[in-house]
Amino acid sequence: FGKRKIFPSISPKKSWEGFLGGLIFTLIASYITTSIFFEIEISKGMIISLFIPFTATLGDFTESYYKRQAGVKDSGNFIPGHGGMLDRMDAFLFTIPLLYIYLTFL
C-alpha cells in the first residue's frame with residue numbers, strides 16, 4: 001500500500017491509500033462509538049468522522065511544511081523514529097478548533 005503520494009515534497013510518506021484507510025477506520029470507529037454511547041446522534045458522529053481525516057491531514061501537512069522550511073527533520077525524540085511531540089499533535093492543529101466550531105455553533 002501507499003504507492004500514490006499525496007504531497008511528496010512536503011510529507012513524502014503520506015499516501016492516498018493511507019488517507020483512505022484512515023477515513024474508513026474513522027467512519028467505523030465513529031459508528032461503533034456512537035452506537036454504544038447515546039449522547040451523540042449517529043448522523044452527527046458520521047459527519048464528524050468524515051471531517052476529521054481531512055483536518056488531521058491538513059494539520060500534518062502544515063506542520064511538515066514549517067519543519068521543512070526550518071530545516072528540521074525531527075522536532076524531538078519523545079518517541080524515537082516518530083519525529084517528536086509536534087508529530088503527535090499536528091493532527092489537532094485544525095481538527096480541534098474546527099470541531100469546536102461545528103459542535104458549538106452548527
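The values are calculated or read from the model by the stated rules, or taken from the named source; none is laboratory data. All values reported here derive from a predicted model rather than from experimental measurement. Every residue, glycine among them, receives a Cβ derived from its backbone with ideal geometry; neighbour counts consider all protein chains shown. We work out accessible area using only protein heavy atoms, side chains counted, and drop any ligands, DNA or RNA first. Shrake-Rupley method; radii C 1.70, N 1.55, O 1.52, S 1.80 Å.
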Item to check | Largest-first ordering by accessible area, 1.4 Å probe, given options 37, 19 | outcome: 37, 19
Checklist entry - Could you work out the helix-only [θ] at 222 nm for the chain, with each DSSP H run of four or more residues adding -39,500 (n - 2.57) and the total divided by the number of residues, to the nearest 500 deg cm²/dmol? => result -22000 deg cm²/dmol
Item to check | Inter-site label distance for residue 62 and residue 13 at 7 Å from Cα along Cβ, in nm | outcome: 2.2
Checklist entry - Once phi is turned into ³J(HN,Hα) by the Karplus curve 6.51 cos²θ - 1.76 cosθ + 1.60 with θ = phi - 60°, what whole-Hz value does each residue of region 16-26 show in order, with x for glycine and proline? => result 5, 5, x, 4, 5, x, x, 5, 5, 4, 4
Checklist entry - Where the Cα atoms of region 17-67 are projected onto their three principal axes, how long is each span, largest first, in whole Å? => result 41, 21, 13
Checklist entry - Calculated from the structure, semi-axes √(5λ) of the Cα gyration tensor in Å equals which of (i) 33, 18, 10; (ii) 28, 16, 13; (iii) 25, 17, 15? => result (ii)
Checklist entry - Which far-off residues, 5 or more places away or on another chain, put their amide H under 5 Å from the one on residue 15, with H placed in the peptide plane? => result 6
Checklist entry - To the nearest 20 debye, what charge dipole does the chain have about its Cα centre, counting +1 at the Cβ of each Lys and Arg and -1 at the Cβ of each Asp and Glu? => result 480
Next on the checklist: Could you tell me the calculated FRET efficiency between residue 102 and residue 23, based on Cβ-Cβ distance and R0 = 22 angstrom, to the nearest 0.05?
Outcome noted: 0.80
